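Note sheet for the following structure.
Read-outs throughout are calculated quantities, based only on the coordinates presented, and are distinct from any laboratory measurement. Model, not experiment: these values are computed from the prediction. Cβ atoms come from the backbone with ideal geometry, glycine included; neighbour counts cover every protein chain shown.
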Amino acid sequence: MFRIGEYIVYGAKGVCEVMEVTKMHREGIPEDRLYYVLRPLNVQGSRVYTPVDNDKVVMRTLITPQEVDEIIESIPEIAELEVPSEKLREQTYKDCLRTGDCREFMRVIKTLRGRKRDRIANGKKVTATDERYLKQAEETLYTEFAVLLKMPRENIPAYISRKLEA
């Protein structure tokens with residue numbers, strides 16, 4: 001069980017702080033079932049209530065600062081996603097993001113940045129779907145990195161660039 005004050009990753013909400021572990025006093029909810037009250041870092045003023053034993057959404061502890069650097073160093077070797085068809089593109093992105101795995105998030109980012117670069121070079125616009133998933137992947141991953149490295153979220157892209165150039 002996570003502790004109050006701990007930062008965790010909660011599905012698509014990304015990094016959240018555990019604010020409370022409590023019971024819900026509502027009709028239809030078992031009296032003894034425990035819930036986390038989570039505060040997503042990416043959405044000011046928001047709260048998430050989820051059962052402690054929720055097995056439908058990925059809830060995990062944050063990786064370590066050392067793992068952040070390992071992921072960054074492995075970016076050149078991370079393979080871009082292979083999307084079998086345009087019809088499956090969005091589902092492929094969703095499936096990767098649902099894993100909650102930082103390397104999968106980086107795969108999505110790398111894939112979408114490359115696709116964006118190629119589309120622009122060919123005089124095409126970037127699709128709204130690509131933009132949405134790129135933003136979601138970056139926001140979630142970079143927020144986790146920022147918490148772990150104790151730096152502002154907006155400094156993470158420059159940090160990654162410096163690490164790759166070193």
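Some notes on this structure:
- Rounded, prolate or oblate (a/c below 1.5 giving rounded, otherwise prolate when a/b exceeds b/c) for region 7-60 by Cα gyration tensor: prolate
- Loop trypsin sites (Lys or Arg not before Pro), region 57-157, which have at most 11 other Cβ atoms in a 10 Å radius of their Cβ (DSSP): Lys124, Lys125, Lys150
- The label-point distance for Arg98 and Ala128, in a model that sets each label 7 Å from Cα toward Cβ, rounds to 2.3 nm.
- Using alpha-carbon coordinates, inclination of helix 156-165 to the longest axis of the chain, degrees: 50
- Nearest-ten-degree value, helix 89-98 long axis tilted from longest Cα axis of the chain: 40
- From phi via Karplus (6.51, -1.76, 1.60), per-residue ³J(HN,Hα) for region 120-131 in Hz, x at Gly/Pro: 5, 4, 9, x, 9, 7, 7, 6, 4, 5, 4, 4
- Within region 26-54, backbone nitrogen closer than 19 Å to the virtual label 7 Å beyond the Cα of Met1 toward Cβ: 26, 29-39, 48-54
- GNM result for the chain, Cα springs below 10 Å: residue of Ala146, Ala121, Ala79 fluctuating most strongly: Ala121
- Full-extension gain in nm, Leu149 to Gln66, via 0.36 nm per residue minus C-alpha separation: 28.9 nm
- Comparing Ala121, Ala12, Val108 along the charge dipole axis of the chain, the residue lying farthest to the positive side is Ala121, per the Cβ-charge model.
- Of Lys13/Lys110; Lys56/Lys116; Lys87/Lys124; Lys135/Lys163, those spanning more than 27 Å from alpha-carbon to alpha-carbon: Lys56/Lys116
- Reported label for calculated Rg and Dmax of the Cα atoms in Å given [x] 17.8, 59; [y] 21.3, 79; [z] 15.5, 55: [x]
- Exposed GluC sites (Glu not before Pro) absent: longest stretch of the chain, with sites in DSSP loops and at most 15 other Cβ within 10 Å deemed exposed: 83-166
- Debye, to nearest 20: dipole size of the chain, +1 on Lys, Arg Cβ, -1 on Asp, Glu Cβ: 660
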